[in-house]
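Let me begin by presenting the structure, written as structure tokens, before commenting on it.
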Amino acid sequence: MTDSPTIVKGTNDKPVASESLARFFESADGVDGQLFIGYPIIGGIEGKHPIDAVYVSPTQGVVVFDLVEGLDVSGYQDRQDDAATRLKSRLLGYKELVRRRDLAVAIHTVTYAPAANLRQQDDSDYLVANTETLASALSELAWQPASVEVYERTLSAIQNISTIRRARSARKIENEGSRGAKLQRLEAAIATLDNLQGKAVIETVEGVQRIRGLAGSGKTIVLALKAAYLHAQHPSWRIAVTFNTRSLKGHLIRLINLFTIEATGEEPDWANLRVVNAWGARGGATREGIYYDFCVENGTEYFDYISAKSAFGRVNAFKGACRTALETVPEPKQTYDAILVDEAQDLPPEFLRLCRLILREPRRLVYAYDELQNLSNSSLPSATEIFGITAAGEPEVSFKETPYDLGARRDIILSKCYRNSRPVLVTAHALGFGIYRTPTRQNEKTGLVQMFDEADLWEEIGYHVKDGALEDGRAVTLERTAETSPAFLETHSPIEDIVQFHVFGSAREQAEWVASQIQVNLTSDELRPDDLVVVNPDPLTTNKAGVGMIRKLLFDRGIASHIAGVDTAADVFFRPELEKSVTFSGIHRAKGNEAAMVYVVNAHESYDAPRSLATIRNRLFTAITRSKAWVRVVGVGEDMERLKTEFEATRDANFELRFRYPTEGERNRLQVVHRDVSPEQAKVVQKHEKELSSLVRDLRDRRFLAGDLDDTVLAELRALLEQEDE
């Protein structure tokens, strides 16, 4: 417990009274516990009932606040009774808070009207207070006998935002030692959000808020629940939830629907709470998106993918489309009260700027991203670069907290990982960054493929410096602790079973092994088809040679399969309506989804590449981190053997990251050498490579001499090559 209360600042329709209450607790002396503003929301026969504020105290129990804007407090007795009854009914659902038939914690009620000129209330059962009398009113409240244990359990019950992480349906388990049984216990252990995630759901600021975290830290869940929470508190607001990966749409709708029903007893009003694609296209409500709607509502030219690719290139297609829309319509119609963006790392900054411009004041924009999952190897720029500066030279958007935030964070970092175990996550990082990679190119001084520019980001995402220092040129050893990688995620099975790398002599051998393992998963391990995902990291080969042989072998075994977004609608990933249909996916469709057992096939293609190596390694990182229990990384030939060697070095280091932190110059060189290269750029490079090869061959064979070449051109070429080597 702390010496001052923790304030979790949500939102409601009583902003003045809420801020006054928060400031009272912020400055109160000798007050402990937690104050929740705008939470919880409790459903009942008559519909949802948002509670204005709740204070949970180790000495006073639970205090439910009825907040009043203005001077009129009439009807406060009925409002206090209703709120207290609803909250008591909710808490009675927790067996650990019940003694015989009664609640073990005291519930008090106070009507707080900061602006009212109140006379002394005669009825002590219905306390009413203003700014001057609130301290006196609270001093009258007591909980006898107070219990630290019951207080902590009560706090946990109120903080328990949702249980939406539980499995879609009950499992039929016959063997308690099977993978299915282990998965069932694992899912039960992570069925609720932790306190930091719950706080992130409720915390609301006026303006822009960002959420950062690792894969599996709950960003998508927090974003979905935050959208549902805002919708429940403000049903008249027009809210949009948008994203990059179309197969994520069904998952988001499910999360939002479950939370809203769980909290309020009602389904969302989907007319006001929209789950829409970022890009969108013609074809009705199911295909509309933020950018498409922007163009239609503001009467400007719309680019579909084909026309945008032709005009701006494949890599910059959506960037160019959004930029053109912004240049054409600098002051668009404001059509939303809040927009929440998932997977922002895979969307251009221009799209975030477009989202902010179509918001009504105070422009509530929430965007979530993971710097390590960017599949184009270009991280999001700073807020100033994205949103610009004002006429006065100040940033349009800042993540520095203001006095008005009252503790609500504008920049939320989710450091705890609830999907990937420590061995899986550290393996993914080691391979993604090339921590234990052996240099393969001339003049390569390090095997590193990429590195954060800001060293302290390692600690922000949950790593601890075990030895050395996160400083340029210094050796460092990083480890994950039980605080950020819960131990139960890796104790369900031996580590050698949790993550495995397998090398095969041919694609046929790889396919036969994967197919036979999937058959065992479904027939003996008590896993379901939607517990399995086969990911091919190369997005260009998935629909052809990448997975065709494995699918044919499964078909021969009587096991159906589908490629997400190819054999299904773009918004569909799993197909639970089919009895045994295993999901195959390219890396883009896989993002945002997860499964208990993940097979990463053709991983050898991720070992090395003449260009875009950081992007290719990021795909491998993303594929591995789809796993919430077991992962099998498989491939063919020598490159797979080398990749397995990197994994073995990670394992032998006890799943710690040990490396020398590169200097600024070395980091800049990594960004140049391993940068993402578009197909158009690759053609230019290949053309010049052939020309240079021809030149070198002719010089070697003395068809002509270097002295025959122009001295100025030679000097410039020599200077450029020396600059590259620095």
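The values are calculated or read from the model by the stated rules, or taken from the named source; none is laboratory data. Bear in mind the structure is a predicted one, so any value in this text is a computation, not a measurement. Backbone-built Cβ (ideal geometry, glycine too); neighbour counts: all protein chains shown.
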Any hit, the stretch 631-647, residues being under 21 Å from the mean Cα position of the chain (by Cα), modelled with pLDDT of 90 or more and closer than 30 Å to Ser247 by Cα: yes
Meets criteria (surrounded by 23 or more Cβ atoms within 10 Å (Cβ to Cβ) and either over 12 Å from the mean Cα position of the chain (by Cα) or free of Cβ contacts under 8 Å to residues at least 12 places away in the same chain (or both)) for Leu223: no
Matching strands (runs of 3 or more DSSP E) fully within the stretch 15-111 where at least 1 residues are of a type in the set (Val, Ile, Thr): 34-37, 41-44, 53-57, 61-67
Evaluation of Ala482 against (1) of a type in the set (Gly, Ala, Ser); (2) in a helix (DSSP H, G or I); (3) without any contact (Cβ under 8 Å) to a residue 40 or more places away in the chain (one fails), failing number: (2)
Residues (charged (D, E, K, R), more than 20 Å from Asn130 (Cβ to Cβ) and buried (at least 19 other Cβ atoms within 10 Å of the Cβ)) located in the stretch 19-61: none
Selection status of Glu605, over 20 Å from Arg419 (Cα atoms) and at pLDDT 90 or above: yes
In the stretch 313-335, residue farthest from Arg360 (Cα to Cα) [restricted to those that are in contact with a Phe, Trp or Tyr (Cβ under 8 Å, 6 or more places away or on another chain) and part of a helix (DSSP H, G or I)]: Ala317
Some residue of the stretch 511-520 being assigned to a strand (DSSP E or B), surrounded by 15 or more Cβ atoms within 10 Å (Cβ to Cβ) and either in contact with a Lys or Arg (Cβ under 6 Å, 6 or more places away or on another chain) or not basic (Lys, Arg) (or both): no
Residue ID - modelled with the lowest pLDDT, chosen from residues in the stretch 372-408 that are assigned to a helix (DSSP H, G or I), surrounded by fewer than 17 Cβ atoms within 10 Å (Cβ to Cβ) and not aromatic (Phe, Trp, Tyr): Pro403
Gly280 on the phi > 0 side of the Ramachandran plot and under 23 Å from the mean Cα position of the chain (by Cα): yes
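Per-residue answers, yes or no, for (1) hydroxyl-bearing (Ser, Thr, Tyr); (2) in a strand (DSSP E or B); (3) touching a Ser or Thr at 6+ places or on another chain (Cβ under 7 Å):
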{"residue": "Gly558", "(1), (2), (3)": "no, no, no"}
{"residue": "His562", "(1), (2), (3)": "no, yes, yes"}
{"residue": "Ala596", "(1), (2), (3)": "no, yes, no"}
{"residue": "Asn618", "(1), (2), (3)": "no, no, no"}
{"residue": "Ala629", "(1), (2), (3)": "no, yes, no"}
{"residue": "Val633", "(1), (2), (3)": "no, yes, no"}
{"residue": "Asp639", "(1), (2), (3)": "no, no, no"}
{"residue": "Glu646", "(1), (2), (3)": "no, no, no"}
{"residue": "Arg651", "(1), (2), (3)": "no, no, no"}
Those residues of the stretch 466-490 which are over 24 Å from Ala614 (Cβ atoms) and among the aliphatic types (A, V, I, L, M), in sequence order: Ala469, Ala482, Ala487, Leu489
Hits in the stretch 230-247 (condition: touching a helix residue (DSSP H, G or I) at 6+ places or on another chain (Cβ under 6 Å) and either farther than 24 Å from Thr622 by Cβ or free of Cβ contacts under 8 Å to residues at least 24 places away in the same chain (or both)): Ala232, Ile239
Verdict on Ser27 being touching a residue at least 12 places away in the same chain (Cβ under 8 Å) and either assigned by TED's automatic domain parsing to the domain that holds Pro145 or more than 30 Å from the chain's Cα centre (by Cα) (or both): no
Pair list, Cβ < 7 Å and 6+ apart or interchain, from the stretch 513-539 residues that are in the same structural domain as Arg617 (by TED's automatic domain parsing) and free of Cβ contacts under 8 Å to residues at least 40 places away in the same chain to residues that are of a type in the set (Lys, Arg) and part of a loop (DSSP other than H, G, I, E, B): none
Residue identified as surrounded by fewer than 16 Cβ atoms within 10 Å (Cβ to Cβ), of a type in the set (Phe, Trp, Tyr) and over 27 Å from Leu252 (Cα atoms) among Phe501, Phe555: Phe555
